[in-house]
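Read-outs: derived from the displayed coordinates by stated rules, not from any lab. Just so we're clear, the structure is a prediction, and the values are computed from it rather than from any experiment. Every residue, glycine as well, gets a Cβ built from its backbone with ideal geometry; the counts of neighbours run over all protein chains shown.
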Amino acid sequence: MPADAAGDYDVVILGGGSGGYACALRSAELGLSVALVEKGRLGGTCLHQGCIPTKALLHAAEVADVAREGASFGVRTTLESVDMPGVNAYKDGVVSRLYKGLQGLVKAAKIDYVEGAGVLDGPHTVVVGERRLTGRNVVLATGSYAKTLPGLEVGGRIMTSEQALSIDHVPGRVVVLGGGVIGVEFASVFKSFGSEVTIIEALPRLVAAEDEAISKQLERSFRKRKIAFKTGVRFAGATQEGDVVTVSLESGESIEADLLLVAVGRGPVTEGLGYEAAGITVDRGFVPTDSRLRTGVEGVYAVGDIVPGLQLAHRGFAQGIFVAEEIAGLAPACIEESGIPRVTYCDPEIASVGLTEAQARDKYGDVATYEYNLGGNGKSQILGTQGFVKLVRQVDGPVVGVHMIGARIGEQVGEAQLIVNWEAHPEDVSGLIHAHPTQNEALGEAHLALAGKPLHAHA
Ligand SMILES: Cc1cc2nc3c(=O)[nH]c(=O)nc-3n(C[C@H](O)[C@H](O)[C@H](O)COP(=O)(O)OP(=O)(O)OC[C@H]3O[C@@H](n4cnc5c(N)ncnc54)[C@H](O)[C@@H]3O)c2cc1C
């Protein structure tokens with residue numbers, strides 16, 4: 001159905017972040033008429049406040065560490081200083097090139113890009129100012145926001161990732177509230193830039209969603225990097241006075257800092273958008289869907305961070321593509337949440353896919369595991385990193401989880417996800433040759449060992 005002047009579309013998408021724009025681009029490729037409504041900037045959180053700017057900061061952090069540690073490689077370098085305006089200019093340059101590219105893609109796809117805040121008026125209409133956009137299908141993709149804790153007001157020296165991304169100086173002392181993905185990434189950046197960092201985490205371990213062995217290794221590495229952390233400790237309050245923010249804990253302890261970064265998770269953006277009035281179920285702010293991403297209201301789908309589950313950009317992309325194909329009648333295969341790869345870009349990096357050992361034991365009973373230490377991997381030794389590749393397999397069955405930690409290990413998640421999603425057995429993977437010397441080889445060696453023919457593996 002071509003778009004007409006009255007605004008009839010095959011698909012109207014509310015929100016132009018990872019989930020929304022992926023859905024728009026794939027819908028257009030499939031010949032559907034599309035309106036994409038965005039109140040901020042096309043690309044959403046990932047491009048402007050999430051994945052891309054944070055990874056640029058992490059790369060600048062790596063450069064700072066390399067400069068500081070050059071002598072250990074026989075190259076005499078010193079770190080003079082970190083020029084935050086310069087770092088921000090580099091980061092913003094990366095974002096703006098990608099932003100331009102994305103705008104070009106949307107334009108070339110002839111998507112009707114509508115700027116402004118939209119609200120649902122019934123299940124098939126999105127109202128943006130004076131315009132009423134009516135779609136045969138509506139896709140909700142309004143994303144997420146940085147949460148805070150009750151009584152903890154963001155402002156001044158208390159920031160979320162959003163403000164911390166464009167800070168113009170390196171703070172002397174930083175308290176990071178939350179030891180999840182965003183918390184450990186920022187902790188890593190600030191430490192590399194020269195701040196004194198303390199992470200406060202209420203759960204018993206950092207990156208608690210990961211396999212327990214990964215948390216232990218990260219904690220070991222952070223101790224070595226002198227990143228302080230307190231786990232199993234609850235936040236009680238924070239006050240700002242002059243140049244200092246004082247963070248108090250339920251244990252009675254208090255910590256002074258120049259900056260408190262609040263990284264306690266992200267909540268769904270669904271309030272006041274007419275979802276419930278249109279008959280859509282909203283549960284604690286999230287929009288639950290079935291495995292085909294249907295909301296329960298005919299012709300209304302939801303994708304991305306508003307759908308309960310992993311809040312990751314590539315999950316949003318995949319869901320957006322899925323919904324476009326579903327609408328076009330291609331009957332795509334459902335997305336398996338546990339098959340989605342996850343990378344945390346602190347130093348050392350963490351990459352995982354599939355089930356943790358504990359989850360696999362819950363699901364299958366007995367499982368077999370193997371940890372290949374990067375101490376035996378040539379490239380990791382060259383880089384001077386420590387860590388491991390851990391495999392979890394069903395007894396005599398396929399590999400159901402891969403968990404890795406070490407510098408730059410995120411790049412290895414590609415093969416790991418093929419192994420888990422194609423339900424490969426270690427014996428299948430051990431027959432594939434991995435290039436030497438690469439960190440990728442560590443994955444190959446782990447499978448060789450689990451298949452009973454270890455090569456460079458120390459017991
Ligand atoms: C600091 C940080 C680092 C991250 N790093 C990574 C990473 O390395 N890898 C990764 O995979 N993920 C990462 N993420 C998560 C990732 O950014 C999100 O999972 C992803 O952006 C979700 O996409 P989305 O489309 O659901 O929502 P969003 O990207 O939030 O997009 C939603 C869009 O909807 C728009 N919108 C909302 N309401 C309306 C309305 N009423 N009308 C019109 N428009 C509206 C918003 O302006 C926004 O642009 C990170 C997130 C943060 C905060």
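Conditions tested, residue by residue: (1) closer than 30 Å to Val63 by Cβ; (2) in a helix (DSSP H, G or I); (3) not aliphatic (A, V, I, L, M).
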| residue | (1), (2), (3) |
| --- | --- |
| Gln381 | yes, yes, yes |
| Val389 | yes, no, no |
| Gly414 | yes, yes, yes |
| Ile419 | no, yes, no |
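Ser188 falls short on exactly one of the conditions (1) assigned to a helix (DSSP H, G or I); (2) out of contact with any Asp or Glu (no Cβ under 6 Å at 6 or more places or on another chain), and that condition is (2).
Please enumerate the residues belonging to the stretch 10-46 that are within 13 Å of the ligand (Cβ to nearest atom) and part of a loop (DSSP other than H, G, I, E, B). Walk me through how you get there before you give the answer.
Initial filter on the stretch 10-46 (within 13 Å of the ligand (Cβ to nearest atom)): 12-25, 35-46.
Correct list: Gly15, Gly16, Gly17, Lys39, Gly40, Arg41, Leu42, Gly43.
Scanning the stretch 152-183 for residues that are in contact with a Gly (Cβ under 9 Å, 6 or more places away or on another chain) and away from the ligand (no atom under 16 Å from the Cβ), we see that the one that is farthest from Arg205 (Cα to Cα) is Val170.
Just checking: which of the strands (runs of 3 or more DSSP E) contained wholly in the stretch 218-312 hold 3 or more residues that are surrounded by 19 or more Cβ atoms within 10 Å (Cβ to Cβ) and touching a residue at least 60 places away in the same chain (Cβ under 8 Å)? Steps first, please.
Working: elements: 228-231, 235-241, 244-249, 254-257, 259-262, 266-268, 300-302.
Strands (runs of 3 or more DSSP E) meeting the threshold: 259-262, 300-302.
Among the numbered conditions (1) within 30 Å of Val12 (Cα to Cα); (2) surrounded by fewer than 21 Cβ atoms within 10 Å (Cβ to Cβ), the only one that Gly316 does not meet is (2).
Here's the yes/no breakdown for (1) surrounded by fewer than 16 Cβ atoms within 10 Å (Cβ to Cβ); (2) charged (D, E, K, R); (3) within 24 Å of His436 (Cβ to Cβ); (4) touching a residue at least 40 places away in the same chain (Cβ under 8 Å):
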| residue | (1), (2), (3), (4) |
| --- | --- |
| Arg361 | yes, yes, no, no |
| Tyr364 | yes, no, no, no |
| Leu374 | no, no, yes, yes |
| Ser380 | no, no, yes, yes |
| Gln386 | no, no, yes, yes |
| Leu391 | no, no, yes, yes |
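Do we find a residue being surrounded by 21 or more Cβ atoms within 10 Å (Cβ to Cβ), within 16 Å of the ligand (Cβ to nearest atom), under 30 Å from Phe190 (Cα atoms) and touching a residue at least 24 places away in the same chain (Cβ under 8 Å) anywhere in the stretch 67-87? Yes, that holds for at least one residue. Can you pull out every residue in the stretch 323-338 that is in a helix (DSSP H, G or I) and out of contact with any Phe, Trp or Tyr (no Cβ under 9 Å at 6 or more places or on another chain)? Answer for the stretch 323-338, where residues must be in a helix (DSSP H, G or I) and out of contact with any Phe, Trp or Tyr (no Cβ under 9 Å at 6 or more places or on another chain): Ala324, Glu325, Glu337, Ser338.
Considering the conditions (1) of a type outside the set (S, T, N, Q); (2) within 16 Å of the ligand (Cβ to nearest atom); (3) farther than 25 Å from Tyr9 by Cβ, Ala333 is excluded by exactly one of them, (2).
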